[in-house]
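What follows is a set of notes on a single structure, which appears directly below.
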Amino acid sequence: MSQMQALYDMLPTWASQVGVGPLLLAGIATGVIVGAVGRLLLARRRRGNGMELDRQSGRAKSRTDSKRDTLTGLVTRAEFESTLEEAAWQVDHKSAPPMAVLYIGLDDLRSINDGFGVRTGDALLVQVARRLSRLLGADGGADTPHVARAGGEEFALLLNGDEAAAIGMAARACAALARPFEAEGQALGLTVSVGLACYPAHGAWSRLLPHAAAAMRHVRQAGGNGHAVYAPAMAVDLREQALLLQDLRQAVERGEFKLLYQPKIDAASLQITAAEALLRWDHPTRGLVPPAVFIPLAERHGLMSSIGQWVVAEACRQAAEWRESGLRMRIAINISGHQLRHDRFVAQLEEQVRRYEIPPTRLTCEITESVAMEDTAQTRIAFQRLRRAGFHVSIDDFGTGHSSLAVLRRLPAAELKVDRSFITDLEVSESARSIVEAVLSVARTLGLRVVAEGVETEAQRDILVRMGCDELQGYLFARPMSAVALALWAEGSGPGSGQGGPAAEFRPSLFDATRPAPILP
Ligand code: C2E
Ligand code: MG
Ligand code: MG
């Protein structure tokens, strides 16, 4: 009731703004009249545009045209939004059924534009518009206000119905657009990502389009070709990512990255063979951001090359500093697929090891199995250059990708790192033990060393030593730590280096020269 009262209080102001006469005000007593005022508001806005059209036909004509996308003839996003507003009003005041927006993005228009030309891409967009209009019962002439071109390769559909109806329509839209197209004499296939948002279920009408778009991007990021209903976490994710990306662009210049180091231990001699550099982003307000959060973002937005260069330079500088203080272990860095595919990657590595006078055999490049197995011309050249320059190559997260033994044999790898997931399950899973045994057997055949990563318990360590694993790495021995902490740990005064702890066993070996791992001919 108090809401109703507030509405009544506001009415004279509304009325004077939109030109509602006193007669109407006198009749305000029922919801029906409240409804009439609201409709009047919308109608007046529309009429306003029309009147302008009468007075100044030339300019107004172009305004009318601006409500339609020139290529597809569909309504524009702005026009679609005013249709949405009206429809939401009907839901709120006329007990109209709920409504939903479908946000439809073509998954890969860019490759069609690049491969066949923009004219073909444009012809395809026109046909997509027709098929979507037909879905809503329009004659294909794209004249329904319920289908819009929302952006370059993005369309929006408005329908009356709840979530179930919207999901049904999403499936029909995917099916309609999955049928082959012919554009400019070219047969084309398409997949689409569809995001759904419902009113009133998912919040204010003005958020419907952004919510549906967020759901669409969510589908796209998961590989496209499907649909998803909006969930609040999707919008938070996207906003979070946008904020993080802004900060990430400046993080290198601001010196916000740092490397932590985690030792690798020789299983037989218990000597430290290497320290793996693990990247951290020391964000001014968020604290330490782990690589799993920012590396995928950096890769998607072309920032990984410059971050990777910083890692290489910093790791080499640190290796030189350690060498000066008598620590002579190998240093390992993780290399992303983007870096490996970069033309100058190996040349940049060589520049840095020359600058800090580090033998290339002392620098391990950890490359994940999935990247190593790409086996494209670019990765093959990069591996050849790494081999020629004498760098030590390790295949990281081994067992999680699809390895081809033929490719593995050709790689200049000296080491396989068995993925942590198998080590975690060693004590409980027969299949995890079999996989580690199989990896060891392949490695022996190819003359490679095997490192087990993520060793957390003594039982895991014992099984791995019994199996003949060459090196171990994990929290059981040491967590990733700063370069300073590693030096203190080496001297026996750092945390975790107390007598009897695992660190104490390895301490003296830190000052030994590391036996180089075999490099395949
Ligand atoms: P990774 O190279 O396989 O590194 C091992 C990850 O497991 C590290 O996580 C390490 O902190 C963690 N770890 C080590 N021992 C244990 C253990 O006993 N238990 C558990 N639960 N975890 C353990 P982190 O530092 O978060 O790094 C994650 C991944 O990020 C790395 O996996 C690597 O692929 C990537 N990464 C890290 N630094 C860089 C970098 O400088 N460049 C690139 N391209 N990738 C990096
Ligand atoms: Mg690694
Ligand atoms: Mg790994």
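Tabulated data for the structure shown
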item	result
Filter result (more than 16 Å from ligand 2 (Cβ to nearest atom), touching a helix residue (DSSP H, G or I) at 6+ places or on another chain (Cβ under 8 Å) and not in a helix (DSSP H, G or I)) within segment 303-348	Leu303, Ser325, Gly326, Leu327, Arg328, His342
Number of the condition not met by Thr144 [criteria: (1) at pLDDT 90 or above; (2) surrounded by 15 or more Cβ atoms within 10 Å (Cβ to Cβ)]	(1)
Strands (runs of 3 or more DSSP E) contained in segment 379-498 and holding at least 3 residues aliphatic (A, V, I, L, M)	413-418, 449-453
Single unsatisfied condition, Glu163 versus (1) of a type outside the set (Lys, Arg); (2) in contact with a Leu (Cβ under 9 Å, 6 or more places away or on another chain); (3) free of Cβ contacts under 8 Å to residues at least 40 places away in the same chain	(3)
Condition check for Glu366: in contact (Cβ under 8 Å) with a residue 60 or more places away in the chain, of a type outside the set (Ser, Thr, Tyr) and in the same structural domain as Arg344 (by TED's automatic domain parsing)	yes
Some residue of segment 191-199 being surrounded by fewer than 18 Cβ atoms within 10 Å (Cβ to Cβ) and either under 19 Å from Ala78 (Cα atoms) or more than 28 Å from the chain's Cα centre (by Cα) (or both)	no
Breaking point among (1) assigned to a helix (DSSP H, G or I); (2) closer than 29 Å to Gly308 by Cα, for Ala213	(2)
Some residue of segment 467-480 being modelled with pLDDT of 95 or more and among the acidic types (Asp, Glu)	yes
Tally of residues being in a helix (DSSP H, G or I) and either within 13 Å of ligand 1 (Cβ to nearest atom) or of a type in the set (S, T, N, Q) (or both) across segment 351-378	7
Pick from segment 349-369, criterion within 16 Å of ligand 2 (Cβ to nearest atom) and of a type in the set (Ser, Thr, Tyr), ranking: surrounded by the most Cβ atoms within 10 Å (Cβ to Cβ)	Thr364
Among residues of segment 381-400, those that are within 15 Å of ligand 1 (Cβ to nearest atom) and surrounded by fewer than 16 Cβ atoms within 10 Å (Cβ to Cβ), counted	1
Asp375 in contact (Cβ under 8 Å) with a residue 24 or more places away in the chain and within 18 Å of Asp470 (Cβ to Cβ)	no
Filter pass, Ile307 being surrounded by 16 or more Cβ atoms within 10 Å (Cβ to Cβ), away from ligand 3 (no atom under 16 Å from the Cβ) and of a type outside the set (Gly, Ala, Ser)	yes
Residue list for segment 415-441, filter: more than 16 Å from ligand 1 (Cβ to nearest atom) and either of a type in the set (Lys, Arg) or in contact with a strand residue (DSSP E or B) (Cβ under 9 Å, 6 or more places away or on another chain) (or both)	Arg433, Ile435, Leu440
Residue in segment 413-426 that is among the aromatic types (Phe, Trp, Tyr), closer than 27 Å to Glu299 by Cβ and within 16 Å of ligand 3 (Cβ to nearest atom) present	yes
Yes/no for Ala382 being farther than 22 Å from Thr424 by Cβ, modelled with pLDDT under 95, more than 11 Å from ligand 3 (Cβ to nearest atom) and touching a helix residue (DSSP H, G or I) at 6+ places or on another chain (Cβ under 7 Å)	yes
Qualifying residue in segment 184-196 (condition: of a type in the set (D, E, K, R) and on the phi < 0 side of the Ramachandran plot)	no
Residues that are modelled with pLDDT under 95 and either of a type in the set (Ser, Thr, Tyr) or within 14 Å of ligand 1 (Cβ to nearest atom) (or both), drawn from segment 442-456	Thr445
Segment 82-119: number of residues that are at pLDDT below 95 and under 24 Å from Arg220 (Cα atoms)	12
Among (1) of a type in the set (Val, Ile, Thr); (2) away from ligand 2 (no atom under 16 Å from the Cβ); (3) modelled with pLDDT of 90 or more, the one test that Ile295 misses	(2)
Criterion: within 16 Å of ligand 2 (Cβ to nearest atom) and either farther than 14 Å from Asp470 by Cα or surrounded by fewer than 17 Cβ atoms within 10 Å (Cβ to Cβ) (or both) - qualifying residue of Asp419, Asp425	Asp419
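The values are calculated or read from the model by the stated rules, or taken from the named source; none is laboratory data. What you are looking at is a predicted structure, and each value in this text was computed from that prediction instead of being measured. All Cβ positions, glycine included, derive from the backbone under ideal geometry; neighbour counts span all protein chains shown.
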